[in-house]
1. Name the residues in the stretch 48-76 that are of a type in the set (S, T, N, Q) and surrounded by fewer than 16 Cβ atoms within 10 Å (Cβ to Cβ), would you?
2. Being closer than 26 Å to SER142 by Cα, touching a Gly at 6+ places or on another chain (Cβ under 9 Å) and not in a loop (DSSP other than H, G, I, E, B) is true for just one of LEU106, LEU98, LEU81. Which residue is that?
3. Could you tell me which numbered condition GLY111 fails, if it satisfies all but one of (1) on the phi > 0 side of the Ramachandran plot; (2) modelled with pLDDT under 85?
4. Go through (1) closer than 21 Å to VAL36 by Cα; (2) open to solvent by 10 Å² or more (accessible area, probe 1.4 Å); (3) assigned to a helix (DSSP H, G or I) and name the single condition LEU126 misses.
5. Show the residue pairs that are 6+ apart or on different chains and have beta-carbon atoms under 9 Å apart, the first residue being within the stretch 38-52 and farther than 16 Å from ALA87 by Cβ, the second being charged (D, E, K, R) and open to solvent by 30 Å² or more (accessible area, probe 1.4 Å).
6. Would it be correct to say that GLY134 is open to solvent by 50 Å² or more (accessible area, probe 1.4 Å) and either at pLDDT 90 or above or in a helix (DSSP H, G or I) (or both)?
7. Given the conditions (1) within 15 Å of the chain's Cα centre (by Cα); (2) under 26 Å from ARG49 (Cβ atoms); (3) open to solvent by 40 Å² or more (accessible area, probe 1.4 Å), report the number of the one that GLN105 does not fulfil.
8. Within the group GLY76, GLY59, which residue is at pLDDT 75 or above and in contact with a Pro (Cβ under 6 Å, 6 or more places away or on another chain)?
Amino acid sequence: QLCATAADAVGRAAAQIRTAPGESAVGVHYFHAALVAADAVAAADTTSRRKARRAVARGLERLRSVTIHPEEGVGGARIALIDALAAQASGDDGRAALHFDKAHQLAVAAGAFAEVALSGERAARLHQRLGSSGLAGYYLGSAHRALVAWGAGAAADALGSRWPDDIDSSAPAE
């Protein structure tokens, strides 16, 4: 239900984005559209999964088209995050882990707290599932510190309550 609500909100924003000034607003919209589509892949049945994967590919293509430096900065972190989610949805956990790490490193280097938190929490989920509790704790700690630094205290508290014993407090936020 949450994924459908997010997809609806991103879809409604598309009309306004076409007239929004600046590449930045368009890039953020394409990132959110690809992020919603990537989440939909995991939740989709077999028939819908193909459509969701096409939406992820289309979102990535659009995001790359408006990202001036796709291998660095916030734009690069967003592209790497979507690449990681796409790899994870296709069952390639090794490639997903590499892309999550790249997304996280680029976001940290750019001081992009939202992207640090997103990439950190998503990477932590993957590493927890794979049994790498040390890496999961590192990424959770980084996500938690980024949320606090960003001023998203409620989100940081929610993250802390979901994984109270797993957050590595030495992980960087920026």
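The values are calculated or read from the model by the stated rules, or taken from the named source; none is laboratory data. Just so you know, these numbers come straight off a predicted model, no measurement behind them. Here Cβ is always computed from backbone atoms with ideal geometry, including for glycine, and neighbour counts include all displayed protein chains. For the accessible areas, the whole protein counts, side chains as well, though only heavy atoms, and no ligand, DNA or RNA atoms are used. Shrake-Rupley method; radii C 1.70, N 1.55, O 1.52, S 1.80 Å.
1. Within the stretch 48-76, SER48, SER65 qualify.
2. Values: LEU98 fails: touching a Gly at 6+ places or on another chain (Cβ under 9 Å); LEU81 fails: touching a Gly at 6+ places or on another chain (Cβ under 9 Å).
Criteria check complete, one pass: LEU106.
3. Answer for GLY111: the failing condition is (2).
4. Only one criterion in (1) closer than 21 Å to VAL36 by Cα; (2) open to solvent by 10 Å² or more (accessible area, probe 1.4 Å); (3) assigned to a helix (DSSP H, G or I) is unmet by LEU126, namely (2).
5. Sorted first by the residue in the stretch 38-52, then by its partner, the pairs are ALA44/ARG50; ALA44/LYS51; ALA44/ARG53.
6. Values: open to solvent by 50 Å² or more (accessible area, probe 1.4 Å): yes; either at pLDDT 90 or above or in a helix (DSSP H, G or I) (or both): yes.
Here the answer is yes, as GLY134 does meet what is asked.
7. Status for GLN105: all satisfied but (2).
8. Details: GLY59 fails: in contact with a Pro (Cβ under 6 Å, 6 or more places away or on another chain).
When all the criteria are applied, what remains is GLY76.
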